[in-house]
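Asker: Once you've had a glance at the structure underneath, I'll fire off some questions.
The values are calculated or read from the model by the stated rules, or taken from the named source; none is laboratory data. Please read these numbers as outputs of a predicted model, since none were measured by experiment. All Cβ positions, glycine included, derive from the backbone under ideal geometry; neighbour counts span all protein chains shown. When the accessible area is computed, the model is the full protein with side chains, heavy atoms only, and any ligands, DNA or RNA have been set aside. Shrake-Rupley method; radii C 1.70, N 1.55, O 1.52, S 1.80 Å.
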Amino acid sequence: MIDYTLARIAEIVGGRLTDISAEDAATTRVTGTVEFDSRAVTPGGLFLALPGARADGHDFAAAAVEAGAVAVLAARPVGVPAIVVDPTPQESDRSAGVLEHDEDGSGAAVLGALARLAAAVAADLAADGLTIVGITGSSGKTSTKDLVAAVLAPLGEVVAPPGSFNNELGHPWTVLRATRDTRFLVLEMSARHRGNIAALAAIATPSIAVVLNVGTAHLGEFGSREAIAATKAELPQAVPSTGTVVLNVDDTAVAAMAGQTSATVVRVSREPGEKVDVWASGVTLDALARPRFTLHAGDESVDVALAVHGDHQVSNALCAAAVALRAGASLRQVADALAAAGPVSKHRMQVTTRADGVTVINDAYNANPDSMRAGLKALAWMAREGGERRRSWAVLGEMAELGDDAITEHDNIGRLAVRLDVSRLVVVGTGRTMSAMHHGAVMEGSWGSESTMVPDADAALQLLREELEPGDVVLVKASNAAGLGALAEALLQDGTARA
């Protein structure tokens, strides 16, 4: 982050200084990173004392200072230099779901202070010319964030979150990675309920916003797709009139958001249209489902070959291209950057072929009906393209937070696997939703052991080890809580992997 003094930070967050004099606080500056893991603290850093599942960050304050932190942001005195903040009821409400172990409100207090500090830093840097890019959508946020970071990199230093740091902790933490040298800050924004995205946008107001889609992820939390759309619309509503909103108008709910912002609207689509600004034509996929297409912007066009996998990445790449073009990139720069932008975030459409020819598609970080359909289509494509047909395996776990639609959506995915002619469906789990996926496959026409239910990831791994054959293609996908990422990694460790 930019180097504020401890006195200035205390003023910003509304905290009181403990175990440090006012004179020292006025001259001691935070010159390192802000961390909530004491093991990641660097010299000159600031440590966040947050409660966790197994330990309270306050207990590691002394260790963080010993590792180089100049102070701790805490909810109580910790015996080392600290800025102490008190919780408010509003902050406790906002932190619910982010901090699972915050009985005394100490985590909420620190999160609230973190948000205020990030907001001050973002405002200072934006005044100096920092471009803030915000991205939301029911699916594809992380992949698009990675593509946006890649296409902006030729234009200047980019800060973007690792993985899916997109909530009340990860969002301000990412903001505080930016410095005076940062030209672009790329932020991914998720939501569990109405108001989440508006709150994140208030911390760091984007001058460029991207809305990808409105699907059924977190339907159990929101209750309806209309409520999800209203929440996603909080992002374009937050962009000032001098900014830009990039909308994927192939999604009608996203297209309707053009009327909810005073900013300049850039429309992207997989098809040309009267009001479409950036679009694709001639989309094809290679043997590993990597898209190839012609990118159009106004009267210009250029051929693009993506290094990421899946037909769904076309829309993500178009949105990334629109952001880069608004930031001053040329169409040629965009095409070159997209061609070099392989998978970055862990467990998201990472495609690796083992030495024995088994291809593993590790997409185990997250799952919802839209992303599950995209993953299955990519699997089916890889299995049938590039010469002799290969056996395909879909190892699928639960899609979380679907509410009353969970049974129907899991049933639909089981049926889709059969319609796509997936050779083997391995349903991981024994609950009602996973039974619905298995029985959906059976009712759609699965026969014999084409669809198999196993109780857990260990049983799925044992089955795969016993029955995989050279040349097979395996998709591993579920919501992160299912823990199938370790299964995919174990499959790769079973042989010498090659890209």
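Asker: Conditions first: (1) of a type in the set (Asp, Glu); (2) modelled with pLDDT of 90 or more; (3) at positive phi; (4) out of contact with any strand residue (DSSP E or B) (no Cβ under 9 Å at 6 or more places or on another chain). Asp421 passes all but one, so which condition is the exception?
Answerer: For Asp421, the failing item is (4).
Asker: I'd like the full set of residues that are among the small types (Gly, Ala, Ser) and either touching a helix residue (DSSP H, G or I) at 6+ places or on another chain (Cβ under 6 Å) or more than 14 Å from Glu398 (Cβ to Cβ) (or both), limited to region 412-440. Lay out the reasoning, then the answer.
Answerer: Residues of region 412-440 among the small types (Gly, Ala, Ser): 414, 417, 423, 429, 431, 435-436, 440.
Answer for region 412-440, where residues must be among the small types (Gly, Ala, Ser) and either touching a helix residue (DSSP H, G or I) at 6+ places or on another chain (Cβ under 6 Å) or more than 14 Å from Glu398 (Cβ to Cβ) (or both): Gly414, Ala417, Ser423, Ala436, Gly440.
Asker: Do we find a residue being crowded, with 17+ Cβ neighbours inside 10 Å, closer than 23 Å to Arg384 by Cβ, of a type outside the set (Asp, Glu) and without any contact (Cβ under 8 Å) to a residue 40 or more places away in the chain anywhere in region 314-325?
Answerer: No: region 314-325 contains no residue that is crowded, with 17+ Cβ neighbours inside 10 Å, closer than 23 Å to Arg384 by Cβ, of a type outside the set (Asp, Glu) and without any contact (Cβ under 8 Å) to a residue 40 or more places away in the chain.
Asker: Next question. Would you check which residues across region 410-424 are among the β-branched types (Val, Ile, Thr) and within 16 Å of Arg384 (Cβ to Cβ) and list them? Break it down stepwise before answering.
Answerer: We begin by selecting, within region 410-424, every residue among the β-branched types (Val, Ile, Thr); these are 413, 418, 422.
Within region 410-424, Val418, Val422 meet the criteria.
Asker: Any idea which of Gly45, Gly32 is at negative phi, at pLDDT 95 or above and not hydrophobic (A, V, I, L, M, F, W, C)? Walk me through it before giving the result.
Answerer: Working: Gly32 fails: at pLDDT 95 or above.
On inspection, the qualifying residue turns out to be Gly45.
Asker: What is the one condition in (1) open to solvent by 20 Å² or more (accessible area, probe 1.4 Å); (2) closer than 21 Å to Val239 by Cβ; (3) among the polar types (S, T, N, Q) that Thr144 does not satisfy?
Answerer: Failed condition: (1).
Asker: Sticking with this structure for a sec: Just the residues that are in a helix (DSSP H, G or I) and either under 18 Å from Leu491 (Cα atoms) or open to solvent by 10 Å² or more (accessible area, probe 1.4 Å) (or both), please, taken from region 333-374. Please lay out each step first, then the result.
Answerer: Keep residues of region 333-374 that are in a helix (DSSP H, G or I), which gives 333-340, 369-374.
Of everything in region 333-374, those that are in a helix (DSSP H, G or I) and either under 18 Å from Leu491 (Cα atoms) or open to solvent by 10 Å² or more (accessible area, probe 1.4 Å) (or both) turn out to be Gln333, Asp336, Ala337, Ala339, Ala340, Asp370, Ser371, Arg373, Ala374.
Asker: Determine whether Ala280 is exposed (fewer than 15 other Cβ atoms within 10 Å of the Cβ), out of contact with any Cys (no Cβ under 6 Å at 6 or more places or on another chain) and hydrophobic (A, V, I, L, M, F, W, C).
Answerer: Values: exposed (fewer than 15 other Cβ atoms within 10 Å of the Cβ): no; out of contact with any Cys (no Cβ under 6 Å at 6 or more places or on another chain): yes; hydrophobic (A, V, I, L, M, F, W, C): yes.
For Ala280, the condition - exposed (fewer than 15 other Cβ atoms within 10 Å of the Cβ), out of contact with any Cys (no Cβ under 6 Å at 6 or more places or on another chain) and hydrophobic (A, V, I, L, M, F, W, C) - is not met.
Asker: Could you list, in sequence order, all residues of region 283-303 that are open to solvent by 60 Å² or more (accessible area, probe 1.4 Å) and either not basic (Lys, Arg) or not in a strand (DSSP E or B) (or both)? If you could, list the steps in order and put the result at the bottom.
Answerer: First pass over region 283-303, keeping only residues open to solvent by 60 Å² or more (accessible area, probe 1.4 Å): 284, 290, 292, 299-301, 303.
Within region 283-303, Thr284, Arg290, Asp299, Glu300, Ser301, Asp303 qualify.
Asker: Can you name the strands (runs of 3 or more DSSP E) wholly within region 149-258 that have at least 1 residues being among the small types (Gly, Ala, Ser)?
Answerer: Passing ranges, in order: 208-211.
Asker: Can you say whether Lys275 is among the charged types (D, E, K, R), in the same structural domain as Ile208 (by the TED database) and surrounded by 14 or more Cβ atoms within 10 Å (Cβ to Cβ), as far as the supplied structure shows?
Answerer: Numbers: among the charged types (D, E, K, R): yes; in the same structural domain as Ile208 (by the TED database): yes; surrounded by 14 or more Cβ atoms within 10 Å (Cβ to Cβ): no.
The answer is no for Lys275.
Asker: Please work out which one of (1) over 22 Å from Thr31 (Cβ atoms); (2) open to solvent by 30 Å² or more (accessible area, probe 1.4 Å); (3) modelled with pLDDT of 95 or more is the condition Gly220 fails and give its number.
Answerer: All conditions are met except number (3).
Asker: Whether any residue in region 190-203 is under 15 Å from Val323 (Cα atoms), in contact (Cβ under 8 Å) with a residue 60 or more places away in the chain and of a type outside the set (Asp, Glu) is what I want to check.
Answerer: Filtering region 190-203 for residues under 15 Å from Val323 (Cα atoms) gives none.
No, region 190-203 has no match at all.
Asker: Based on this model, can you work out whether Trp381 counts as in the same structural domain as Thr244 (by the TED database) and out of contact with any Cys (no Cβ under 9 Å at 6 or more places or on another chain)? Give the derivation first.
Answerer: Working: in the same structural domain as Thr244 (by the TED database): no; out of contact with any Cys (no Cβ under 9 Å at 6 or more places or on another chain): yes.
Criteria not met by Trp381.
Asker: Now for a separate question. Filter region 272-282 down to the residues that are in contact with a strand residue (DSSP E or B) (Cβ under 6 Å, 6 or more places away or on another chain) and assigned to a loop (DSSP other than H, G, I, E, B) and list them by number. Steps first, please.
Answerer: Step one: filter region 272-282 for residues in contact with a strand residue (DSSP E or B) (Cβ under 6 Å, 6 or more places away or on another chain), giving 272, 275-282.
Listed by number, the residues that qualify are Pro272, Lys275, Val276, Asp277.
Asker: Scan region 124-143 residue by residue and report those that are touching an Asp or Glu at 6+ places or on another chain (Cβ under 8 Å) and over 16 Å from Pro240 (Cα atoms).
Answerer: Thr136, Ser138, Ser139, Lys141, Thr142
Asker: Quick check: anything in region 98-106 at pLDDT below 90, in a helix (DSSP H, G or I), more than 23 Å from the chain's Cα centre (by Cα) and not aliphatic (A, V, I, L, M)?
Answerer: Here is the first cut: in region 98-106, the ones at pLDDT below 90 are 98-106.
Narrowing the set further to residues that are in a helix (DSSP H, G or I) leaves 106.
Adding the requirement that they be more than 23 Å from the chain's Cα centre (by Cα) leaves 106.
From the residues that got through so far, the ones that are not aliphatic (A, V, I, L, M) too are 106.
Yes, region 98-106 contains at least one residue that is at pLDDT below 90, in a helix (DSSP H, G or I), more than 23 Å from the chain's Cα centre (by Cα) and not aliphatic (A, V, I, L, M).
Asker: Continuing with the same structure: Take residues that are closer than 16 Å to Ala115 by Cα, touching a strand residue (DSSP E or B) at 6+ places or on another chain (Cβ under 9 Å) and open to solvent by less than 40 Å² (accessible area, probe 1.4 Å) and tell me which of the helices (runs of 4 or more DSSP H) falling wholly in region 1-86 contain 2 or more. Reasoning before the result, please.
Answerer: Values: elements: 6-13, 22-27, 61-66.
Correct list: 6-13.
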